[in-house]
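Worksheet: one structure, shown below.
The values are calculated or read from the model by the stated rules, or taken from the named source; none is laboratory data. Nothing here was measured: the structure is a model prediction, and the numbers come from that model. Cβ sites come from the backbone with ideal geometry, for glycine too, and all protein chains shown count toward neighbours. Keep in mind that these areas ignore ligands, DNA and RNA; they rest on the heavy atoms of the full protein, side chains included. Shrake-Rupley method; radii C 1.70, N 1.55, O 1.52, S 1.80 Å.
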Amino acid sequence: MNVNGIGYVVAEGGRDRSAPAPSEKRLKVGFLLARQFTMSAFALFVDTLRLASDVDDKSGRLLCDWEVVSPSTHLIRSSCGIQVAPTASLGDPERFDYIVVIGGLLGVEEPLSHEAMRFLQRASQKGVNLIGVCTGSFILAQAGMLAGKEACVSWLHHSEFKARFPKIRLTSQRIFVEDGKVTTCAGGSAVADLAALLVRRHVGEVAERNAMEILHLDRRREGSNLQSRTPIALPVHSDDRIRAALLCMEENIDDRWDIEKIAGHVGLSRRQLERIFRSKTGISPASAYEKVCMKKAALLVERTSKSMIEIALDVGFASSSHFCRRFRANFGITPKQLRDRMRNRNETTAATG
């Protein structure tokens, strides 16, 4: 349907008349959609449940059920402009096995209403399992649900989460983390992996396989799988320890972990890590770390108005002079020259546009 040029979706509620009674369902999920939520995260999660519960492609809710809950009946706009209609009021959170918070754009003021946040608080107090998907982890952290727990976010949001919630243990290496009654997921395709895991636990292996096959996914990844990210371009290799080390470097650019600490983080000695890097990539871990830092520095030079000393500190250098020397050694130009080049390019584009 379409209203004023903006599409919206009615997330159909209620149960299929051909399905078993609600008491027979093995998995019940409530979705809380943040303002400007990520449509793909919601769609992947709910469709994995639908396909696992389905028989003969009739979308019957035979073994799973779900609702989009909200304190009002107002449409909820996603970041892509599609709007979804709530299917149920907040009510008692204990009617769900899991409550899934689907996050979205970080710049949105009050992504969930006060009523929805209180609903999350009640759910936590009553021991209902909570899941934060995409930037839903930020909402759970804001609500106090991640105190003393480890959170998982996408590498894209690592710095922002760390700045907002410095006391919360954080990883941007794994695709999702289960910590007691709270689970956080990086988003993207990892949402299907997490939803499939819940299906396997509550419905069964056949239902999980049915969903994954229809989604054209070969297998379900575990939460410990690495996020699909390599911070710098390297020769093709298949050693996950190198990828894990690079992700660790990216997460700790400002702190500048020493190589021995990074090696320990991925279960190796410094000598072993040095040998693996040399044999697989042709460079040392220290050289790789500098490349990771310089890649971030170049982005900050191009896309922000930060001073050179601010950027130097952001990427682990104590002085702007040392930073500028290393920048030139890596890119062949100084940070100022790169910024001037970008400014001139933008001005030319604006003039010709």
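Condition check for residue 122 on (1) open to solvent by 50 Å² or more (accessible area, probe 1.4 Å); (2) closer than 16 Å to residue 39 by Cα: one failure, at (2).
Within segment 120-131, residues that are more than 14 Å from residue 30 (Cα to Cα) and free of Cβ contacts under 8 Å to residues at least 12 places away in the same chain have Cβ atoms under 8 Å from residues that are assigned to a helix (DSSP H, G or I) and β-branched (Val, Ile, Thr) in no pair, counting only partners at least 6 apart in sequence or on another chain.
Going by what's in this entry, would residue 160 be described as open to solvent by 30 Å² or more (accessible area, probe 1.4 Å), in contact with a Gly (Cβ under 9 Å, 6 or more places away or on another chain) and either at pLDDT 95 or above or in a helix (DSSP H, G or I) (or both)? Step through it out loud before you land on a result.
Working: open to solvent by 30 Å² or more (accessible area, probe 1.4 Å): yes; in contact with a Gly (Cβ under 9 Å, 6 or more places away or on another chain): no; either at pLDDT 95 or above or in a helix (DSSP H, G or I) (or both): yes.
Here the answer is no, as residue 160 does not meet what is asked.
Note on segment 125-137: residues that are open to solvent by less than 10 Å² (accessible area, probe 1.4 Å) and not in a loop (DSSP other than H, G, I, E, B) total 6. Return the residues of segment 145-157 that are closer than 18 Å to residue 183 by Cβ, open to solvent by 10 Å² or more (accessible area, probe 1.4 Å) and in contact (Cβ under 8 Å) with a residue 12 or more places away in the chain; say none if nothing qualifies. Those that are closer than 18 Å to residue 183 by Cβ, open to solvent by 10 Å² or more (accessible area, probe 1.4 Å) and in contact (Cβ under 8 Å) with a residue 12 or more places away in the chain: 145, 147, 149, 150, 154, 157. Residues that are closer than 28 Å to residue 197 by Cβ and open to solvent by 80 Å² or more (accessible area, probe 1.4 Å) were ranked within segment 218-275; the one that is farthest from the chain's Cα centre (by Cα) is 238.
Among the listed residues 112, 51, 62, 106, identify the single one that is more than 18 Å from residue 185 (Cβ to Cβ) and in a loop (DSSP other than H, G, I, E, B). First the steps, then the outcome.
Numbers: 112 fails: more than 18 Å from residue 185 (Cβ to Cβ); 51 fails: in a loop (DSSP other than H, G, I, E, B); 106 fails: more than 18 Å from residue 185 (Cβ to Cβ).
Result of the check over 112, 51, 62, 106: 62.
Just to be sure before I move on: is residue 189 open to solvent by 30 Å² or more (accessible area, probe 1.4 Å), of a type in the set (Gly, Ala, Ser) and within 22 Å of residue 46 (Cβ to Cβ) in the structure I sent? Spell out the reasoning first.
On the way: open to solvent by 30 Å² or more (accessible area, probe 1.4 Å): yes; of a type in the set (Gly, Ala, Ser): yes; within 22 Å of residue 46 (Cβ to Cβ): yes.
When the stated conditions are applied, residue 189 passes them.
Within segment 102-119, how many residues turn out to be open to solvent by 30 Å² or more (accessible area, probe 1.4 Å) and either under 18 Å from residue 89 (Cα atoms) or of a type outside the set (Gly, Ala, Ser) (or both)? Full working, then the answer.
Initial filter on segment 102-119 (open to solvent by 30 Å² or more (accessible area, probe 1.4 Å)): 105-111, 114-115, 117-118.
With either under 18 Å from residue 89 (Cα atoms) or of a type outside the set (Gly, Ala, Ser) (or both) added as a condition, the list becomes 105-106, 108-111, 114-115, 117-118.
Of the residues in that region, 10 qualify.
Among the candidates 304, 349, 281, the residue that is surrounded by 16 or more Cβ atoms within 10 Å (Cβ to Cβ) and of a type outside the set (Gly, Ala, Ser) is uniquely 281. For segment 237-295, enumerate the residues that are of a type in the set (A, V, I, L, M, F, W, C), touching a Ser or Thr at 6+ places or on another chain (Cβ under 7 Å) and over 20 Å from residue 172 (Cα atoms). Residue satisfying the conditions is 277 alone.
Which residues, counting only those in segment 202-216, are assigned to a helix (DSSP H, G or I) and touching a helix residue (DSSP H, G or I) at 6+ places or on another chain (Cβ under 7 Å)? Matches in segment 202-216: 207, 208, 210, 211, 212, 214. Residues in segment 163-195 that are free of Cβ contacts under 8 Å to residues at least 40 places away in the same chain and in a helix (DSSP H, G or I): 163, 164, 190, 193. Residues that are open to solvent by less than 80 Å² (accessible area, probe 1.4 Å) and more than 20 Å from residue 256 (Cα to Cα) occur in segment 313-332; there is at least one. If you go through segment 288-300 and pick out every residue that is open to solvent by 50 Å² or more (accessible area, probe 1.4 Å) and within 11 Å of residue 330 (Cβ to Cβ), you end up with 2. May I ask you to verify whether residue 292 is in contact with a Phe, Trp or Tyr (Cβ under 8 Å, 6 or more places away or on another chain) and at pLDDT below 95? No, not satisfied.
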